[in-house]
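Please treat every number below as a calculation from the coordinates, not as lab data. In this text the structure is predicted, and so the values were computed from the model without any measurement. Cβ atoms come from the backbone with ideal geometry, glycine included; neighbour counts cover every protein chain shown.
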Ligand code: SF4
């Protein structure tokens, strides 16, 4: 039987040693989404139809049984969002967290789905799940332009607030950075709800990338993160980025 828990490659490896994709497709429709390219399909196709992967739970059960007790965290998900609207119907995320927890495997979530994720707080607490929220903007106008069908900024911050209050380990992925001032404002404004930060630059959109002074952003981000007092990780691309001549 084909495995569903896999080792991410390249940049994704900086996020997690293991990962799991629950759905084929993602209705959040982010303009910068790399998933259609990875899956050799069009943005339109990937963002318009969302279906559970075939036999997913059975395959996950088999993988988790074989990997019982593996200490590496499994990230849900890279190529779709575990708390997109389709999960209201299928509830695969809840079932996946139950399976992983039953086999003493650790999970980490990465979502733009907002407070929809609160329904699984009981499992997150029970199985020490790390809850990650993607947040690169503070204004909802910018969010709506780049992540049109994802949860609003306010809803994602509300998720962080509630999770933090509930004692769940929270982290934020500030990636891709498209508007540096907005990304810095995310770190400054919401730091009290966040235990860990990951910051990464925009890739694959050359025209916008060239217009950003990455060393200046990196310096300001490190300063803001140091002030935030939480642990953080700056992705390799951002560490290596030079000023555009
Ligand atoms: S949430 Fe992730 S997978 Fe979904 S559209 Fe946005 S970038 Fe793509």
Condition check for residue 71: away from the ligand (no atom under 14 Å from the Cβ) and surrounded by fewer than 12 Cβ atoms within 10 Å (Cβ to Cβ): yes
Somewhere in the range 201-221, is a residue under 28 Å from residue 128 (Cα atoms) and either within 17 Å of the chain's Cα centre (by Cα) or surrounded by fewer than 18 Cβ atoms within 10 Å (Cβ to Cβ) (or both)? no
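Restricting to the range 127-154, give me the number of residues that are part of a helix (DSSP H, G or I) and within 14 Å of the ligand (Cβ to nearest atom).
Kept after step one, since they are part of a helix (DSSP H, G or I), are these residues of the range 127-154: 140-146, 153-154.
With the extra rule that they be within 14 Å of the ligand (Cβ to nearest atom), the set shrinks to 143-146.
Adding up the residues that qualify gives 4.
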What about residue 192, is it over 17 Å from the mean Cα position of the chain (by Cα) and under 25 Å from residue 107 (Cβ atoms)? yes
Looking across the range 77-126 at residues that are more than 13 Å from the ligand (Cβ to nearest atom) and assigned to a strand (DSSP E or B), the single one that is nearest to residue 57 (Cα to Cα) is 107
Pairs, first touching a residue at least 40 places away in the same chain (Cβ under 8 Å) and more than 15 Å from residue 118 (Cα to Cα) in the range 77-100, second in a helix (DSSP H, G or I) and within 15 Å of the ligand (Cβ to nearest atom), C-beta under 8 Å, six or more apart: 78/12; 78/35; 79/35; 79/38; 80/35
Kindly indicate which of 12, 62 is touching a residue at least 60 places away in the same chain (Cβ under 8 Å), away from the ligand (no atom under 16 Å from the Cβ) and in a helix (DSSP H, G or I). 62
Are any of the residues in the range 42-49 crowded, with 21+ Cβ neighbours inside 10 Å and assigned to a loop (DSSP other than H, G, I, E, B)? no
Number of positions in the range 172-186 that are away from the ligand (no atom under 16 Å from the Cβ) and either more than 16 Å from the chain's Cα centre (by Cα) or outside any helix (DSSP H, G or I) (or both): 6
Per the filter on the range 27-53, residues more than 8 Å from the ligand (Cβ to nearest atom), closer than 14 Å to residue 84 by Cα and touching a residue at least 24 places away in the same chain (Cβ under 8 Å) are 49, 50, 51, 52
